[in-house]
1. Could you pull out the residue among 38, 29 that is modelled with pLDDT of 95 or more and in contact with a helix residue (DSSP H, G or I) (Cβ under 7 Å, 6 or more places away or on another chain)?
2. Is it fair to say residue 228 is assigned to a helix (DSSP H, G or I) and of a type outside the set (A, V, I, L, M, F, W, C)?
3. Answer yes if at least one residue in segment 237-246 is assigned to a loop (DSSP other than H, G, I, E, B), at pLDDT 90 or above, touching a Lys or Arg at 6+ places or on another chain (Cβ under 7 Å) and surrounded by fewer than 24 Cβ atoms within 10 Å (Cβ to Cβ), and no otherwise.
4. Return the only residue of 307, 333, 292, 301 being free of Cβ contacts under 8 Å to residues at least 40 places away in the same chain and aliphatic (A, V, I, L, M).
5. Right, residue 67: at pLDDT 90 or above, more than 24 Å from the chain's Cα centre (by Cα) and part of a helix (DSSP H, G or I) or not?
6. Among the residues of segment 277-298, is any open to solvent by 30 Å² or more (accessible area, probe 1.4 Å), modelled with pLDDT of 85 or more and either hydroxyl-bearing (Ser, Thr, Tyr) or touching a strand residue (DSSP E or B) at 6+ places or on another chain (Cβ under 6 Å) (or both)?
7. Please enumerate the residues belonging to segment 214-236 that are within 20 Å of residue 308 (Cα to Cα) and open to solvent by 60 Å² or more (accessible area, probe 1.4 Å).
8. If a residue has to be touching a Gly at 6+ places or on another chain (Cβ under 6 Å) and at pLDDT below 90 to count, how many in segment 204-230 make the cut?
Amino acid sequence: MPIYTRTGDKGTTSLFDGHRVAKDSLRVNAYGTLDELNAQLSVCEKLVHDEDVKNYLHHIQQLLFSLCAEVASQDPSKLTEVSTLIGQREITWLEHIVDTISSSLPEVHSFILSGRCLAAAEIHVGRTICRRAERLLISLGGEEALRTAVLAFINRLSDCLYMLARQEDFTVFIEEAVEKIYTVYNREVVKKGVVDMKHFDQLENLALQLCEKAKEKARELHIPAVISVVDEKGLPILFYRMEHALLVSNEIAPSKAYTAVAFKVPTHQLANNIQSGAPLYQIESMVHQKIVTFGGGYPIVKDGHIVGGFGISGGTVDEDMSIAEYALNALEVSHG
């Protein structure tokens, strides 16, 4: 059966409920723009890396089919038997996505460019199409009856697409940044003398020994330090605060240990990579977790694999590094 019907050759088209209108009418323009948006989001779904974003986009496409059907009908009540009308439940779902992503990403206090990666940029294109559809729906609502839920949904959808683009940017940025840093550092990790843990079976045991050696050096330097060890996932294994240590060190030491694991490098090696034009430029504003880009944090390596992180805070940067390196080197010397 041919797809063409020849019924639109004179510039009219049939709405979902059977009414015929001009192809350039405001209603056709509105649901045609929603159809354009749906096609754009289909492209986005194929490009994104973040699985949550992919699932969200897939469901949004399904909701847009229902919305298109309603806008393509002069009498939405006739749709209830064949389609579910967009309502408060769908609007609340979009708001939940926005709130969830907002709470997990750093705050933005200025305008941002539309996408650091291709997938996010394509989602931003979808966002602008969504805004155009909203303008057309507002115009349509000024001439014909249109449910308020339709306008509320399309308004919330543009906000949601903005947050999905930010989430995708965040996911890809972290993946690429870590890969770049690790690629450079991996060639140097053995030469840098990072402690070899082949004689230790438990990271907890190593953490206790590192702590004792760090305290020994800190006392020698008359520095009340905070000592932190995390596992390969950045989860805490050990936290020790020497008497009179600065309160701020309670946060800095674990952050140093976490950063060393997250980026697979000693924290002082990140300094050059956060400058303008470097791979990690503005990383602090994009990562929700606290990132430290000065010395005192070191990855712990076993058989060529990073199994934990070690962080010291209490003195100057050089003093913190001296304490951490003393502890690592002491263990390497004593245990071979």
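1. 38
2. no
3. Just the residues of segment 237-246 that are assigned to a loop (DSSP other than H, G, I, E, B), to begin with: 242-246.
Next cut, at pLDDT 90 or above only: 242-246.
After this cut, where a residue has to be touching a Lys or Arg at 6+ places or on another chain (Cβ under 7 Å) as well, the list is 242.
Of the ones still in play, those that are also surrounded by fewer than 24 Cβ atoms within 10 Å (Cβ to Cβ) are 242.
Scanning segment 237-246, I find at least one residue that is assigned to a loop (DSSP other than H, G, I, E, B), at pLDDT 90 or above, touching a Lys or Arg at 6+ places or on another chain (Cβ under 7 Å) and surrounded by fewer than 24 Cβ atoms within 10 Å (Cβ to Cβ), so the answer is yes.
4. Among 307, 333, 292, 301, only 333 is free of Cβ contacts under 8 Å to residues at least 40 places away in the same chain and aliphatic (A, V, I, L, M).
5. So residue 67 fits the description; yes.
6. No, every residue in segment 277-298 fails to be open to solvent by 30 Å² or more (accessible area, probe 1.4 Å), modelled with pLDDT of 85 or more and either hydroxyl-bearing (Ser, Thr, Tyr) or touching a strand residue (DSSP E or B) at 6+ places or on another chain (Cβ under 6 Å) (or both).
7. 232, 233, 235, 236
8. So the count comes out to 0.
The values are calculated or read from the model by the stated rules, or taken from the named source; none is laboratory data. The structure presented is a predicted model; accordingly, all values stated were derived computationally and were not measured. Reconstructed Cβ throughout: ideal geometry from the backbone, glycine too, with neighbour counts over all protein chains shown. Just so you know, the surface numbers come from the protein's heavy atoms only, side chains and all, with ligands and any DNA or RNA stripped out. Shrake-Rupley method; radii C 1.70, N 1.55, O 1.52, S 1.80 Å.
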